[in-house]
Amino acid sequence: MIEIEGIVGSGGESFTVSAETIAEGLKLNPEQVQPMLAGRLITSWVEAGVDEDFGTFRLTFATDKRRLRLIVDALGSVISKSTLDFGGHDLPLGARKPGAV
């Protein structure tokens, strides 16, 4: 099993997400995930919850046509999962990483 790790946030939280989970959400083969992350064909970012969402984190993985969001607790357990698929169209800028063009 391929594992993807990322250290995010000012608190230095780290999360491990299996390539299988990312692949399922982005409709890829698990073997494609690590090379696509390395080649920046999959972008990822993490946002820490605030106020009533404190203690949760939103992990986002996106290709040019699809986005996977995982809401996890502080232990990394998945609370919810959602995908956004634009089929043959590119994701609009609002659905991409903040600051991306």
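Here are the numbers for the structure shown:
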item	result
Hey, Thr16 in contact with a strand residue (DSSP E or B) (Cβ under 8 Å, 6 or more places away or on another chain) and surrounded by 12 or more Cβ atoms within 10 Å (Cβ to Cβ) or not	no
The one condition in (1) in contact with a Lys or Arg (Cβ under 7 Å, 6 or more places away or on another chain); (2) crowded, with 17+ Cβ neighbours inside 10 Å that Lys27 fails to fulfil	(2)
Candidate set: the stretch 54-76, residues that are at pLDDT 90 or above and loosely packed, with under 15 Cβ neighbours inside 10 Å; chosen: the one farthest from the chain's Cα centre (by Cα)	Phe54
Selection within the stretch 77-94 - more than 15 Å from the chain's Cα centre (by Cα) and within 16 Å of Gly25 (Cα to Cα)	Phe86, Gly87
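The values are calculated or read from the model by the stated rules, or taken from the named source; none is laboratory data. Treat the numbers as computed from the prediction; the structure is a model and nothing was measured. Virtual Cβ from ideal backbone geometry, glycine too; neighbours counted across all protein chains shown.
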